[in-house]
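S.K.: The following block contains the structure, expressed as structure tokens.
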Amino acid sequence: MPEFPFPGRAVRTLMTMPCEDVGVGRTCRSILSASRAAGLACDLFTSALRGDRPAGLSVHSVMPPGLARLPFGLVRRFAEPALHRRFLASLGEGDIAYLWPSVPVAVYESLARRGIPIIAESVNTRMEAAKPVLDAAYASLGLPPAHDITEARIAEQNRRQALCTAIFAPSPATERAFAGTEVADRIVPASYGTWVPKTLPARPPREPGAPVVFVFVGAVCVRKGAHRLLEAWRRPPEGAVLRLVGDIEPVIRARFADVLASDGVSSIGFSRNVVAELLRADVALLPSLEEGDPIATYEAAAHGLPVIASEAGAGRIGAETGAITVVDPDDIEALRGVLACFAGSEELRRDRGAAARQAALGYDWSRVGPLRFVRLFEKLGRSLGARAPAPGL
């Protein structure tokens, strides 16, 4: 277990939106649970906790269980102000505010005026860097952008980040997006991860002659390179099928209706039982154009699957270990070639899957969760004791 400097400091975490047990919410609670188990004084403030309560972690929510199940939009205007008042009142001398996306600028400003260190989580690439990438991707399809990044949202994110003491960047891509900005020197390299099973669950028996199953886990959207994958799948590798586990973006459904309806492609929409899908698959795919540090890659690797991904989809584990097979999603012919190689070689799949599994052992939440706070304290050192307002006020 790591030893945390400044043991008297409490890290108080704010996630304004309900903390779900999937997606960003699951990532947040995994980081905090692992860090709390390692000895970090931390807790979580959220509008509502959905799913099982993390063991050993103090969670403060403002919505009773009955209301917590309602759509957040119905209770947001009541829940958010109460949550923010409670969070701000909880912070004492020496505490650190750890803020997740969706926290309003006003909360950042209040913390900065009090001189409380503000640590933010950059779960995705900065919007200012992501927007041109996504604009170009939609333009390549002859479509107007269907993402939700606006100039107003970019300005608001930049304002938040200017008020931060430090920002966790979970992947090389998120780090690079801060280069040349006024907050570049406040970046703390980190990673995401997964709870790596100590022993691999048994896989269903493979029938002789069964097709090789390629699985894509995540939103089937332009951002995650689904249009490149489905274009490549117009000429699928021999003896292979594609399994899509995630909601399909309307523009993808319309543009690739023929591919989605073909015998070699199946889709089930969003699923909470991702492990079952991984155990039935032979290869995982994630040709994303823009990501933070994709949990899907860590989960596939942890379950012994070889992973073919873009640089963004490979994330920190790909950059640091070489255990992920990295492809250029814009090079359709090269992508087809890699798919064919994996479809045609059981030995290649076995070797790359074993390498991915071995690499994943170093990214269990029990390690990477606490490590990020050790790095944070090492970077900031005694400056954590400063009480001056953060830059920007």
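No value in this document is a laboratory result; all are computed from the given coordinates. The structure presented is a predicted model; accordingly, all values stated were derived computationally and were not measured. Backbone-built Cβ (ideal geometry, glycine too); neighbour counts: all protein chains shown.
S.K.: Return only the number of the condition from (1) under 20 Å from the mean Cα position of the chain (by Cα); (2) under 23 Å from residue 35 (Cα atoms) that residue 165 does not satisfy.
M.R.: (1)
S.K.: So which residues in the range 89-108 are crowded, with 18+ Cβ neighbours inside 10 Å and assigned to a helix (DSSP H, G or I)?
M.R.: Matches in the range 89-108: 107, 108.
S.K.: Moving on to the next point. Is there a residue in the range 181-190 that is closer than 21 Å to residue 129 by Cα, of a type in the set (Asp, Glu) and out of contact with any Phe, Trp or Tyr (no Cβ under 6 Å at 6 or more places or on another chain)? Give the steps one after another, and end with the answer.
M.R.: In the first step, residues of the range 181-190 are kept if they are closer than 21 Å to residue 129 by Cα; the result is 181-190.
Checking which are of a type in the set (Asp, Glu) leaves us with 182, 185.
Then drop every residue that is not out of contact with any Phe, Trp or Tyr (no Cβ under 6 Å at 6 or more places or on another chain), which leaves 182, 185.
Taking every residue of the range 181-190 in turn, at least one turns out to be closer than 21 Å to residue 129 by Cα, of a type in the set (Asp, Glu) and out of contact with any Phe, Trp or Tyr (no Cβ under 6 Å at 6 or more places or on another chain).
S.K.: Kindly provide the set of residues from the range 261-276 that are surrounded by fewer than 20 Cβ atoms within 10 Å (Cβ to Cβ) and under 26 Å from the mean Cα position of the chain (by Cα), ordered by number.
M.R.: Answer for the range 261-276, where residues must be surrounded by fewer than 20 Cβ atoms within 10 Å (Cβ to Cβ) and under 26 Å from the mean Cα position of the chain (by Cα): 265, 266, 267, 268, 269, 270, 271, 272, 273, 275, 276.
S.K.: Would you confirm whether any residue within the range 140-156 is in contact (Cβ under 8 Å) with a residue 12 or more places away in the chain, in contact with a helix residue (DSSP H, G or I) (Cβ under 8 Å, 6 or more places away or on another chain), farther than 30 Å from residue 230 by Cβ and part of a helix (DSSP H, G or I)?
M.R.: Yes, some residue in the range 140-156 is in contact (Cβ under 8 Å) with a residue 12 or more places away in the chain, in contact with a helix residue (DSSP H, G or I) (Cβ under 8 Å, 6 or more places away or on another chain), farther than 30 Å from residue 230 by Cβ and part of a helix (DSSP H, G or I).
S.K.: I'd like the full set of residues that are out of contact with any helix residue (DSSP H, G or I) (no Cβ under 6 Å at 6 or more places or on another chain), over 19 Å from residue 281 (Cα atoms) and not in a loop (DSSP other than H, G, I, E, B), limited to the range 301-327.
M.R.: If the condition is that a residue be out of contact with any helix residue (DSSP H, G or I) (no Cβ under 6 Å at 6 or more places or on another chain), over 19 Å from residue 281 (Cα atoms) and not in a loop (DSSP other than H, G, I, E, B), then 311, 316, 318, 320 are the ones that fit.
S.K.: Give the number of residues within the range 251-282 that are part of a loop (DSSP other than H, G, I, E, B) and of a type in the set (Asp, Glu).
M.R.: Looking only at that region, the number is 2.
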